[in-house]
1. In nm, to one decimal, how far is the residue 118 label point from the residue 68 one, both placed 7 Å along Cα→Cβ?
2. Where does each of 115-125, 101-111 land if you order them by average Cβ count within 10 Å, highest first?
3. Taking a ≥ b ≥ c as the square roots of the eigenvalues of the Cα gyration tensor of segment 12-113, is the shape rounded (a/c under 1.5), prolate (a/b larger than b/c) or oblate?
4. Classify segment 51-100 as rounded, prolate or oblate, taking a ≥ b ≥ c as the square roots of the eigenvalues of its Cα gyration tensor: rounded when a/c is under 1.5, otherwise prolate if a/b is larger than b/c and oblate if not.
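Every number here is computed from the coordinates shown, using simple stated rules; none is lab data. Bear in mind that the values here come from a model prediction, so they are computed numbers and not experimental data. Glycine gets a Cβ as well: all are built from the backbone with ideal geometry, and neighbour counts include every protein chain shown.
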């Protein structure tokens, strides 16, 4: 198997992906090519790639190029832009269906990347606010309601 086939195999092995710039596939981000004419079934990794690219605090030039390509294809495929809500649920049916290990990997990648985001990026990505402290015994319900505002 040649180098190109090896990289293609790694691209198909979503469960082994890393989330840092020096790990696959971000270390070979030029492999993340998205053409809406090909169709998402042929680009099965589109959802995992969207997670990696969407939740970046600061994208490199190559990552931004890949993200713009993916965003354009996503619009054609789904008729709307990429959202956090969509990225919570990898495809589990059809030609792009992810295995249980790949679904878990996507959830783990998403969680790890969100934790690393700045508050500014969280707001830009319109992520829901979940940093509410738990109500302690003796706290009034009204005090907790103030935290929700």
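1. A separation of 2.1 nm, rounded to one decimal place.
2. Listed from highest to lowest mean packing, they are 101-111, 115-125.
3. rounded
4. In terms of gyration-tensor shape, prolate.
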